[in-house]
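The values are calculated or read from the model by the stated rules, or taken from the named source; none is laboratory data. Owing to the predicted nature of the structure, the values given are computational and were not obtained by experimental measurement. Here the Cβ positions follow ideal geometry from the backbone for every residue, glycine too, while neighbour counts run over all protein chains shown. In case anyone asks, the SASA skips ligands and DNA or RNA and just uses the protein heavy atoms, side chains included. Shrake-Rupley method; radii C 1.70, N 1.55, O 1.52, S 1.80 Å.
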Amino acid sequence: MEVTNSHHSPCKQIPSLLSSFVDTFVDFTVSGLFLLPDPNPETPSAPLQTRYPAADRLIAVGDVHGDLEKTKQSLRIAGLIDDSDKWIGGSTMVVQIGDVLDRGNSELKILYFIEKLKREAARSGGTIISMNGNHEIMNVEGDYRFVTPNGVKEFETWAEWYQIGNEMKTLCKNLKNPKDPFEGIPMGFKNIKKEFSNGFRARIAALRPSGPISTRFLSQNVTVVVVGESVFVHGGLLPEHVAKPGLEKMNEEVRNWINGSKGKEAPSPSYCRSRDAVVWLRRFSHEAAEMCDCSTLEHVLATIPGAKRMIMGHTIQQVGINGACEGRAIRIDVGMSKGCINGQPEVLEIIHGNPEPRILGGNSSGEYKSVLTSQRREGLGLVLPDHRQVRVKA
């Protein structure tokens, strides 16, 4: 039965409350999390913050690739969540370096979980910063080469409940009819098995520019961020990235594209799509120190006021978190996801006033590993066997 616009219609009095109830219902059904509407939502047009002062305690988490359990393990290693997954990190600042999407089966659940923690952290004075990796960019562009069958299914389930929610909203005439997220998406695809068609349609609808999931979660990601003396970027920065378009402009252009105001293709090959793009670069990620372009890195850091180190993900380090270029390059992708190499989770900790970052986790059974200079783990305090190799992934 359709709810009318009579004088006594509850929709006429509280349409926004009904809409919020439906959204909360859908979120819970998809994620298992009870997320009330954000009391302090980000304004879509508000500039993303690119530079932060040094945090008293800063934790950096590498690529998680759809592995919810490893994501939680990383946060527990750092003492940020308890056994019931609630934030206990106080005023800690966390930077997740990107690549939440692809290779794993719980991509959406991680996005929802991080949103929950962001709200909890904010109430305690903490901050969680999410970043774009190359796999976020690929998915917004419609490049799904690295999705898993269960990852496709997760989005199909989301779409089913999202559509049910939209149908519920149409029962109230005081609510504007929601936009059809599937508009313009074909019913099938030439090279996709029929059993996966609905899942791929759902993924396109969710993640394309202006899609419900891309707008809600990914549009608030930064592509580069500076916290105190540390520059965070998924792949790496070159001098031309810093000079033009500049860090703030880069974040703005990527965000506007994800929101749907810049067309379907990523805004600039120089920082989204080319081999040397900021989310794809590997010049500073090779395990062998002599293969890292330390002179370019030093030049880049010199152009960013106060910057002493660049912290990156993207290239799996089988040795665990490690450094190069006398500690100016720190690589934190340990391939923790079961969809990668099922590496032991490690996180990087930076304490304000302590000149050396530290590693927590991995094979250290909860002990910290100090960031010191060594031949194999330069800047990170461990001499490692020569047979351990870097694992390159897309």
Check your understanding: Given the residues 297, 348, 281, which is the only one that is in contact (Cβ under 8 Å) with a residue 24 or more places away in the chain and part of a helix (DSSP H, G or I)?
Key -> 297
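Check 193, 264 and return the single one that is open to solvent by 30 Å² or more (accessible area, probe 1.4 Å), touching a residue at least 40 places away in the same chain (Cβ under 8 Å) and basic (Lys, Arg).
Sole residue among the options that is open to solvent by 30 Å² or more (accessible area, probe 1.4 Å), touching a residue at least 40 places away in the same chain (Cβ under 8 Å) and basic (Lys, Arg): 264.
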Review point. Is it the case that residue 139 is of a type in the set (S, T, N, Q), modelled with pLDDT of 95 or more and closer than 17 Å to residue 258 by Cβ?
Key: yes
Practice item. Go through segment 57-72 residue by residue and tally those that are assigned to a loop (DSSP other than H, G, I, E, B) and either of a type in the set (Phe, Trp, Tyr) or in contact with a Ser or Thr (Cβ under 6 Å, 6 or more places away or on another chain) (or both). Key: 4
Check your understanding: If a residue has to be in contact (Cβ under 8 Å) with a residue 24 or more places away in the chain and in contact with a Lys or Arg (Cβ under 7 Å, 6 or more places away or on another chain) to count, how many in segment 155-184 make the cut?
Key -> 3
Study note, to complete from the structure: If we keep only residues of segment 69-114 that are open to solvent by less than 50 Å² (accessible area, probe 1.4 Å) and small (Gly, Ala, Ser), then the residue nearest to the chain's Cα centre (by Cα) is 98
Review point. If the Cβ limit is 6 Å and pairs must be 6+ apart or interchain, which residue in segment 18-36 that is of a type in the set (Asp, Glu) pairs with which residue that is open to solvent by less than 30 Å² (accessible area, probe 1.4 Å)?
Key: 27/35
Review point. Any residue at all in segment 182-189 that is closer than 15 Å to residue 23 by Cβ and either at pLDDT 95 or above or assigned to a loop (DSSP other than H, G, I, E, B) (or both)?
Key: no
Practice item. Determine if segment 311-322 includes at least one residue that is open to solvent by less than 40 Å² (accessible area, probe 1.4 Å), part of a helix (DSSP H, G or I) and in contact (Cβ under 8 Å) with a residue 40 or more places away in the chain. Key: no
Study note, to complete from the structure: Apart from one, (1) in contact (Cβ under 8 Å) with a residue 12 or more places away in the chain; (2) surrounded by fewer than 21 Cβ atoms within 10 Å (Cβ to Cβ); (3) under 30 Å from residue 355 (Cα atoms) all hold for residue 187; the odd one out is (3)
Study note, to complete from the structure: Per the filter on segment 1-38, residues among the aliphatic types (A, V, I, L, M) and at pLDDT 75 or above are 17, 18, 22, 26, 30, 33, 35, 36
Review point. In segment 198-235, what count of residues is obtained for those that are open to solvent by 10 Å² or more (accessible area, probe 1.4 Å), more than 30 Å from residue 55 (Cα to Cα) and in a helix (DSSP H, G or I)?
Key: 5
Review point. Which residues, taken from segment 238-255, are under 15 Å from residue 274 (Cα atoms) and open to solvent by 80 Å² or more (accessible area, probe 1.4 Å)?
Key: 240
Check your understanding: Scanning segment 267-278 for residues that are free of Cβ contacts under 8 Å to residues at least 12 places away in the same chain and part of a loop (DSSP other than H, G, I, E, B), which turns out least open to solvent (accessible area, probe 1.4 Å)?
Key -> 274
Check your understanding: Hey, among the residues in segment 265-303 that are over 15 Å from residue 314 (Cα atoms) and within 23 Å of the chain's Cα centre (by Cα), which one's modelled with the lowest pLDDT?
Key -> 265
